Amino acid sequence: IQKSIKNIQVFHDNEDQRQFAVAKFEEGDHAKVALYEIRRIEKFSGRIKFKENELQFLFCNEGKYRRLMNVKMAEKANMVLQLIDTPTNTQQKVILYGMHPNTTRQSIMDQIREFNPSKIKFIENEQHSSEFQVAEVQFNNLLDAQRVVKKMNQKLIDGVVIRAFIDGNIMQYNKQTSNLPLINTSSSSQTIPLIQQPSIIIKNISNTTQEQNIRNILPNIQLTHISFQPDLDSATGARIAVVEFKDSSSASQAQKRINGTFQFGKTLQAEILQPVLQTNSSYAQSLSEEVISRSVFIGGVPHNVSRQEIFDAFQEPKPNRVQMGELKQKQEFAGYFYAVFQSIEEREQILNKMNRQIRLQGKIFHMKRFGEKEDDSDANNNTKSEDSKSISQSNKLRISNLPRNVTSEQLKDAFKQFGEV
């Protein structure tokens, strides 16, 4: 039975001050077998106890599970979710949650036009309006609403992974006053502390995030210091948190636990920061070795390919983020992207699964480990500087999807008829 459990989620009932868990199984029959075994044990030995409390085991239907998840997400976002009873067969509403502040109604419509939404409106959200948006989309039938949830949930839009969910009832968000003060991050003179201990950087945090919020995510991990600084990669004044630990194993454990956690309407991103003396101008470089170790490089990408297209083109497991390459001397597109995965194992899995190839706008592009050199030294010397330049120059031609055994000499011979190579 244990092997067939997909995951276990814990929920908290504010009214009864109790906790309960939902165990999801690979197949519905496994859940039935599990409940049958539990009933058999209870028949001979009585109710199963945990910490002197009797446990009650029941089936959890899909509607109940969705309601639990919706309430839990609202609580994490410091908001109150009010469920209003409505007649059956009424218009269904899908909540698109955690969208970028610049995402427009038209952007949403472009994504879901095929499902014929009847109305799109943004929910008033004064407290978090500068950090994320919540949209309510109405449909005339439940099937279209369910299809939209399937397409839009955990979709990357405008650089942010959003959430989509639906409930049998109409949902209404009530503003909840927060007693957490906003922290001013407008100063450009701040520097990231001189890091002497193993640390992690947490990105995509809310401006209302406080030290205790981070400690709550890491209850059993000993940390020595937490500081907040401006995110140098952000153009919107976002912040990062630098968390220091006594040893590297604690930092690694914290990075895995925080990465992907949903807090205050944002999906957190955590990266290992090795012990190093650093300032604002160099903190990103200190991340490079760890990030590169789990990244995939895609070169020769046309200017009109977006990060969303690349994200969608990946099979599972999807990357944590897709980053656009920039020229070192100028802030402009360099003709390449890199995708950062959760771990080295996931990166290797996707390279093997997709045979190091990714299809973008009908064309095949080659993928490789970020920083990986070509097998042929001549080819490496000729292309070493090309990955960081735009491919728009007229005297160069990039050829993708070549067999691995093709050599530079074979290519030269093939192109002799067109001129000197």
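I'd like the full set of residues that are part of a helix (DSSP H, G or I) and charged (D, E, K, R), limited to the range 345-370.
Across the range 345-370, the qualifying residues are 345, 346, 347, 348, 353.
Looking at 205, 240, 226, can you tell me which residue is at pLDDT 80 or above and either assigned by TED's automatic domain parsing to the domain that holds residue 161 or in contact with a Pro (Cβ under 8 Å, 6 or more places away or on another chain) (or both)?
That would be 240, the only listed residue that is at pLDDT 80 or above and either assigned by TED's automatic domain parsing to the domain that holds residue 161 or in contact with a Pro (Cβ under 8 Å, 6 or more places away or on another chain) (or both).
Could you list, in sequence order, the residues of the range 17-44 that are more than 15 Å from residue 56 (Cα to Cα) and either at pLDDT below 80 or touching a His at 6+ places or on another chain (Cβ under 6 Å) (or both)?
Listed by number, the residues that qualify are 17, 26, 27, 28, 29.
Has the range 373-394 got any residue that is modelled with pLDDT of 65 or more, within 26 Å of residue 304 (Cα to Cα) and assigned to a loop (DSSP other than H, G, I, E, B)?
no
Looking at the range 291-314, which of the residues that are closer than 18 Å to residue 344 by Cβ and modelled with pLDDT of 85 or more is surrounded by the most Cβ atoms within 10 Å (Cβ to Cβ)?
Looking at residues that are closer than 18 Å to residue 344 by Cβ and modelled with pLDDT of 85 or more, I get 296.
The values are calculated or read from the model by the stated rules, or taken from the named source; none is laboratory data. These numbers come from a predicted model, not from an experiment. Note that we place each Cβ from the backbone using ideal geometry, even for glycine, and neighbour counts take in every protein chain shown.
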